[in-house]
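Here the structure is laid out as structure tokens; the discussion comes afterwards.
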Amino acid sequence: GIYARLNKLTPDTKGLWGKMSVTQMLAHMNDAFKISLGMKAAVDTSNFFTNKIKFPVAVYVLPAWPKGEATAAEMDQGQQGTEPRDFYTELEFLKKMIDVFNEREEGKLKPHPMFGKLNKKQWRDLFVKHLEHHLKQFGV
């Protein structure tokens, strides 16, 4: 599963594309989970198009997340993304964030900065697609 793939990452794992280091990618994913859980503030810039058209196309139609697709400033390591801690801290924190998300009540989830209000299944489907993208990026 996801944890087995995450455990294959090392501090020296190199990306097959993109600019982020493996530790930055983990911090980026942690920011995404923190936003959904209300642990990191994010501005909801969604509209009808991004919520009702772009979200379902990105998550349910496209076979993979597009490489180089822009992310919300709050998750962008070059903008407002959280400064990464050491690799192992970020890795273990991501596993905890997944567990916390899985236990969180749907009504307590916060809007996505680009896609807006999502139910728990939509958030989960987005996280699966997003994690898949970055795990492939780092060859696991």
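The values are calculated or read from the model by the stated rules, or taken from the named source; none is laboratory data. Nothing here was measured: the structure is a model prediction, and the numbers come from that model. For neighbour counting, all protein chains shown are included, and Cβ atoms are generated from backbone atoms with ideal geometry for every residue, glycine included. SASA here: full protein model, heavy atoms, side chains in, ligands and nucleic acids out. Shrake-Rupley method; radii C 1.70, N 1.55, O 1.52, S 1.80 Å.
So which pairs qualify, if the first residue must be in segment 108-136 and open to solvent by 60 Å² or more (accessible area, probe 1.4 Å), the second must be assigned to a loop (DSSP other than H, G, I, E, B), the Cβ gap must be under 6 Å, and the two must be at least 6 apart or on different chains?
Partner pairs satisfying both residue conditions: LYS110/GLY38; LYS117/PRO111.
So that you can scan it fast, the table gives a plain yes or no per residue for (1) free of Cβ contacts under 8 Å to residues at least 40 places away in the same chain; (2) under 13 Å from TYR88 (Cα atoms); (3) not charged (D, E, K, R):
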{"residue": "TYR3", "(1), (2), (3)": "no, no, yes"}
{"residue": "TRP17", "(1), (2), (3)": "no, no, yes"}
{"residue": "SER21", "(1), (2), (3)": "no, no, yes"}
{"residue": "ALA27", "(1), (2), (3)": "no, yes, yes"}
{"residue": "ALA32", "(1), (2), (3)": "no, no, yes"}
{"residue": "VAL43", "(1), (2), (3)": "no, no, yes"}
{"residue": "SER46", "(1), (2), (3)": "no, no, yes"}
{"residue": "THR50", "(1), (2), (3)": "no, no, yes"}
{"residue": "VAL57", "(1), (2), (3)": "yes, no, yes"}
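Return the residues of segment 4-54 that are open to solvent by 80 Å² or more (accessible area, probe 1.4 Å) and either within 16 Å of LYS96 (Cβ to Cβ) or touching a helix residue (DSSP H, G or I) at 6+ places or on another chain (Cβ under 7 Å) (or both); say none if nothing qualifies.
The answer is ASN7, LEU16, MET39.
Within segment 63-84, restricting attention to residues that are part of a loop (DSSP other than H, G, I, E, B) and among the acidic types (Asp, Glu), which residue is most open to solvent (accessible area, probe 1.4 Å)?
This residue is GLU83.
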